[in-house]
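Engineer: Right, I'll just put the structure down here and ask away after.
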Amino acid sequence: MKLAEIFFSLQGEGKNQGKPCLFIRLAGCNLHCRWCDTGYALGEGRDIAPDVILEEVWRRNPKLICITGGEPLLQEGELEPLLASLSRKGIPVDIETNGTLDFRRLQPYASICMDVKCPSSGEMSDLLLLGALRPEDSVKFVVSDKADLLYATEVIGSYRIAGEIFMTPVYGTDPRVIAEYLLATCLPVRFQLQLQKIIGVK
């Protein structure tokens, strides 16, 4: 597998925000978002056997794992047996994906967090994948401006989304603008700041 890094931290976003979590960040991505904050994961990374990753997981004995990137679904073939091993051990796993690749093959092993790309990112997700999400999955909109908010509102109103929906400001933008919009519209979302950046952890 192409690995960028493995590290232990607090989950900064999503439904498990604030929980200690082992992050497995895979290298490579099929998008180039304007505000990407993990540009170092876009490269080839280092080759590492899935068994070596599993050895590291067993050594650390985490209660929660997040597989992220880059875009982890680019390595779906190698990722599936790793997920199956984690599932047999009963370790909860979240997968963070940019919503451009079909994740249904991996849903038996993990909760999916689909990051729907808004206009400010310069990229687009496959919105048809929203229909494949389950109640245990989730959706995240990272928003920067009014155009992003209007886009997210349109998507939420046009697609059936079974999982919880999160709205997160792009780091460095004024979160009050997003909060005021959500108060005015009463969208069915949870407003969420990026905890890891606020407290200064990885």
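Engineer: In this structure, is A49 farther than 30 Å from P169 by Cα, of a type outside the set (D, E) and without any contact (Cβ under 8 Å) to a residue 40 or more places away in the chain?
Structural biologist: no
Engineer: Is it the case that the stretch 44-54 has a residue that's closer than 25 Å to E164 by Cα, surrounded by 17 or more Cβ atoms within 10 Å (Cβ to Cβ) and not aliphatic (A, V, I, L, M)?
Structural biologist: No: zero hits.
Engineer: Further, regarding this structure: How do the strands (runs of 3 or more DSSP E) wholly within the stretch 59-155 filter down when requiring 1 or more residues that are over 22 Å from A4 (Cα atoms): which remain?
Structural biologist: The qualifying strands (runs of 3 or more DSSP E) are 111-116, 138-143.
Engineer: Exactly one condition in (1) closer than 25 Å to I95 by Cβ; (2) part of a helix (DSSP H, G or I) is false for V201; which is it?
Structural biologist: Of everything listed in (1) closer than 25 Å to I95 by Cβ; (2) part of a helix (DSSP H, G or I), V201 misses just condition (2).
Engineer: Among the residues that make up the stretch 57-70, is at least one of them within 28 Å of D148 (Cα to Cα) and either in contact with a helix residue (DSSP H, G or I) (Cβ under 6 Å, 6 or more places away or on another chain) or among the small types (G, A, S) (or both)?
Structural biologist: Yes - at least one qualifying residue is present in the stretch 57-70.
Engineer: Quick test for you: out of A162, A184, pick the one residue that is more than 30 Å from E80 (Cβ to Cβ) and at pLDDT 95 or above.
Structural biologist: The match here is A184.
Engineer: Only residues that are within 24 Å of D37 (Cα to Cα) and either in contact (Cβ under 8 Å) with a residue 40 or more places away in the chain or part of a helix (DSSP H, G or I) (or both): list them for the stretch 156-181, please.
Structural biologist: E164, F166, T168, V170, Y171, P175, R176, V177, I178, A179
Engineer: Taking the options I24, I53, name whichever one is touching a helix residue (DSSP H, G or I) at 6+ places or on another chain (Cβ under 8 Å), under 15 Å from L86 (Cβ atoms), part of a strand (DSSP E or B) and at pLDDT 95 or above.
Structural biologist: I24
The values are calculated or read from the model by the stated rules, or taken from the named source; none is laboratory data. Every value quoted in this text rests on a predicted model; they were computed, and no experiment measured them. Virtual Cβ from ideal backbone geometry, glycine too; neighbours counted across all protein chains shown.
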